[in-house]
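Engineer: Handing you this structure, nothing more for now.
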Amino acid sequence: MSKLIACVLSSLFAASVLFAQVAAAAPAAASDCASKAVGSNGKPLAGAAKASFMKKCEADAKGGAAAASGCAEKAVDKNGKALAGAAKASFMKKCEADAKGGK
């Protein structure tokens with residue numbers, strides 16, 4: 001009986017350690033984004049600007065197919081200039097779809 005109790009307690013301890021590690025990973029990304037939320041004047045962002053920045057930063061931190069496949073680096077025209085506007089949006093959409101399909 002004491003072996004069973006010891007086994008259960010050690011399992012609970014291992015599970016709590018694992019849960020603590022997983023729970024600590026999510027705030028790390030948020031705190032990283034919070035530390036980057038600084039305006040061009042060097043002051044911290046506030047209000048809607050901070051909310052918008054945090055939303056974009058957290059989405060980028062999750063890492064989509066574009067980040068993993070390097071689509072942003074490939075978004076150049078035949079002259080080597082970076083794509084912009086609708087051309088970039090179209091390229092990125094196709095590149096991300098190809099990256100998801102290829103995996």
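All of the numbers you see were taken from the coordinates with simple rules; none came from a lab. Computed from a predicted model, the values in this text were never measured in an experiment. We place every Cβ from the backbone using ideal geometry, glycine too, and count neighbours over all the protein chains shown.
Engineer: Once the Cβ-Cβ distance between Lys93 and Ala46 is put in as r, and R0 is 22 Å, what FRET efficiency do you end up with, to the nearest 0.05?
Structural biologist: E between Lys93 and Ala46, to the nearest 0.05, is 0.10.
Engineer: Sticking with this one: For Leu45, list long-range residues whose amide hydrogen, built 1.01 Å from N in the peptide plane, is under 5 Å from its own amide hydrogen.
Structural biologist: Val38, Gly39
Engineer: Please give the length that would be gained between Leu4 and Lys81 if that part of the chain were fully extended, namely 0.36 nm times their separation in residues minus their C-alpha to C-alpha distance (nm, one decimal). Write out the running numbers ahead of the final one.
Structural biologist: Numbers: separation 77, 0.36 × 77 = 27.72 nm, distance 6.70 nm.
Contour length minus Cα-Cα distance gives 21.0 nm.
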